[in-house]
Structures are given as C-alpha cells and as structure tokens.
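Step one of this worksheet: look at the structure below.
The values are calculated or read from the model by the stated rules, or taken from the named source; none is laboratory data. Fair warning: this is a prediction, and the values are worked out from it, not measured in the lab. All Cβ positions, glycine included, derive from the backbone under ideal geometry; neighbour counts span all protein chains shown. These accessible areas exclude ligands, DNA and RNA; they are computed on the full protein's heavy atoms, side chains included. Shrake-Rupley method; radii C 1.70, N 1.55, O 1.52, S 1.80 Å.
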Amino acid sequence: MSVEGLPMVLPAPDLPARVRIHEVGARDGLQNEKAAVPTEVKAEFIRRLAGAGLTTIEATSFVHPKWVPQLADAEQLFPLVRDLPGLALPVLVPNRRGLERALALGAERVAVFASASESFARANLNRSLEESLGVYEPVVRHAKEAGLHVRGYVSMCFGDPWEGAVPLHQVASVCTALRDMGCDELSLGDTIGVATPGHVQELLNLLNEEGVPTNEIGVHFHDTYGQALANTYAALEHGVTTIDSSAGGLGGCPYAKSATGNLATEDLVWMLHGLGIETGVDLDRLTATSVWMAAHLDRPSPSRTVRALSHKDQ
C-alpha cells in the first residue's frame with residue numbers, strides 16, 4: 001500500500017506534536033446508509049479501526065430507531081465492542097431516555113447534539129434552539145452525576161442551508177451554554193462543509209475570548225467544497241488537537257441534504273504524518289479497513305488516500 005518514505009516528513013513550526021483523532025465512521029459515517037449494515041459488520045469495523053491504532057471511536061447512537069433506522073441495533077452492538085482494551089467508545093444520546101439506555105450498557109462517554117442555528121434545531125430536534133438546550137441541561141447533568149465524560153456537538157457552526165451564514169456570536173453562545181452545563185469538550189461542526197480557514201480562525205479566537213480554552217475544542221469538518229483539510233490545518237495552527245474524521249470519508253447528515261461526506265480519516269492521517277504530527281494510526285491497516293467496509297457497502301471509498309493507496313496495491 002504505502003510507498004516507502006512517503007509522505008516525506010517535514011514538520012511545520014508551531015503545530016501540535018500529537019493529535020487525537022475522534023473517529024466517527026461507525027456512527028456518523030454509517031447513519032445515513034439506506035441499506036441496513038449487519039450488526040456484526042459494524043462490530044468488526046470498530047475492531048479493525050481499533051486495530052489500526054485509533055483510540056477514540058464513536059460507536060453508535062441511542063436515538064429512537066424511527067429517526068435513524070441504521071442505528072436501531074445500539075443495544076446489540078455496544079456489548080460486542082465495549083470491552084476492547086484501551087479504547088474510548090463514546091455514544092450519542094439525544095435525550096434522557098437515550099442516556100438511560102447507554103448507562104444500562106455501561107457506556108462511559110456520551111455526546112449530546114445541539115445546533116448553532118434555529119432552522120436546524122427545528123429540523124433535527126423539532127424544537128427551537130433555546131428549547132433544545134433546555135432539553136440537554138438535565139441530560140448533561142445526569143451524565144456528569146453518573147461520572148461520564150460528556151461531549152457537546154454543535155452543528156451548523158459555519159453555515160446553515162436555510163439561513164445561510166450563522167453569526168459567530170450565536171455559535172459562541174451555544175458553545176458556552178453547553179460548557180456551562182458541564183460538557184467536557186465541544187466539537188464544532190461544519191455540517192454542510194462551507195467553512196474556510198479564516199472563518200475557522202475567527203470562531204476559535206472568539207471562543208477563547210468567551211472563556212472556552214482550546215484544549216476543550218474539537219473540530220468536525222465536511223468536505224463539500226474541498227476545504228476540510230485546509231480548515232483542519234487552520235485549527236492546528238490555533239492549537240486544536242482533537243480532530244473528528246470518518247474512515248473512508250463515509251457520512252453525511254440525514255437532516256441537511258447539502259451535507260456530504262466527512263473528512264476522511266486516511267486523508268487526515270496522510271497530512272498529519274507528513275507534518276510529523278503523531279497520531280498512533282497505522283495508515284496501511286486503516287486503508288485496508290476502509291477498503292473492506294467499502295466492499296460491504298458495495299461502492300468505492302470516497303477517500304482520495306484510500307483510492308491512491310489501494311490502487312498501488314493492485
């Protein structure tokens with residue numbers, strides 16, 4: 001697969017020495033698949049991702065099956081992977097009932113999903129932005145009382161398909177509200193992939209000014225306009241060390257039709273390794289995993305790195 005000596009390692013100044021990749025392929029990557037993916041295939045996907053060196057893998061979501069049928073097997077899947085050694089397995093919990101289901105299975109890390117825009121809050125959560133935050137407050141509180149690590153996803157941070165540009169102060173307000181509830185980290189989502197590097201830097205600067213430290217921030221970019229890696233580099237320059245990505249570039253959003261695939265983990269790893277930034281990920285094993293999953297989905301991986309490396313192996 002990989003060519004010896006490539007990518008050439010040429011570190012850039014003032015970038016982090018190590019990045020933690022928050023792998024979302026098993027949840028965000030698969031949630032929009034129309035054909036049901038068997039539970040054991042999902043479990044094997046997670047095992048292979050862990051075998052490639054990923055240490056944080058978002059496993060599933062405890063959302064009502066009516067809303068995301070692909071993840072209706074959360075109770076069956078989670079016990080198959082929860083005891084994998086050295087692995088953090090966060091799960092999405094949309095409400096108190098979802099949290100209770102996750103707790104019953106021994107989940108130690110959960111995530112809630114908020115919106116920075118009014119329109120997406122209503123489309124995704126059937127509530128106003130303010131009402132949705134009110135729903136999450138007791139969920140986060142109960143999770144923290146149970147000793148769980150809580151991540152707060154914030155979608156539409158850089159643009160919304162109904163409203164267009166989302167004001168930076170509005171995004172910051174949602175972020176600080178989630179942090180005040182008790183979220184341990186925030187993930188800034190470019191749900192429809194419209195961010196540009198300057199936009200990323202401005203939002204990160206504002207969050208710092210509002211009291212949110214960089215070490216509590218992760219970034220989650222979609223590659224709709226081909227900007228995901230450029231935006232990731234802007235976040236690295238700011239000192240962000242948690243990057244969300246999806247193996248093989250799988251994913252989209254069922255509630256935002258203009259949202260295309262996530263930043264591919266392989267593309268991210270290729271760039272990070274070329275910059276001399278440690279990830280702990282074996283790129284060849286990761287690529288083989290995405291090729292394996294692409295075969296199960298019966299279509300090629302959208303990741304350019306997967307295509308390049310798997311082509312060399314033929």
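Odds and ends about this structure:
- Stretching E130 away from E202 to a fully extended chain increases their span by 23.5 nm, per 0.36 nm per residue minus the current alpha-carbon distance.
- Cβ-derived FRET efficiency at R0 22 Å, W292 paired with E108, nearest 0.05: 0.20
- Normalised by residue count, region 1-132 yields a Cα convex hull volume of 169 Å³ per residue.
- Expressed as a whole percent, the accessible surface of the chain that belongs to carbon and sulfur atoms is 51, based on a 1.4 Å probe.
- Solvent-accessible area per residue, Å², over region 65-218 with all protein chains present [probe radius 1.4 Å]: 41
- Derived scalar couplings ³J(HN,Hα) [region 149-158; Karplus, 6.51 cos²θ - 1.76 cosθ + 1.60; whole Hz; x for Gly, Pro]: 7, 10, 9, x, 7, 10, 8, 6, 5, 10
- Of all DSSP beta bridges in the chain, antiparallel share, percent nearest 5: 5
- Unit Cα scatterers, Debye sum, region 187-314: log10 I(q)/I(0) for q = 0.09, 0.15, 0.22 Å⁻¹: -0.26, -0.71, -1.29
- Dimensionless Rg over Rh [region 114-173; C-alpha; Kirkwood]: 1.03
- Annotated for the chain: lysine pairs at least 8 residues apart or interchain, Cα distance under 26 Å, count 6.
- R0 of 25 Å, Cβ-Cβ distance D284-R18: FRET efficiency to nearest 0.05: 0.80
- Translational diffusion of region 112-265, µm² s⁻¹ [Kirkwood Rh, Cα pairs; Stokes-Einstein; 20 °C; 1.002 mPa s]: 140
- In region 1-93, the trypsin sites (Lys or Arg not before Pro) that fall in loop regions by DSSP, at most 14 other Cβ within 10 Å: K34, K66
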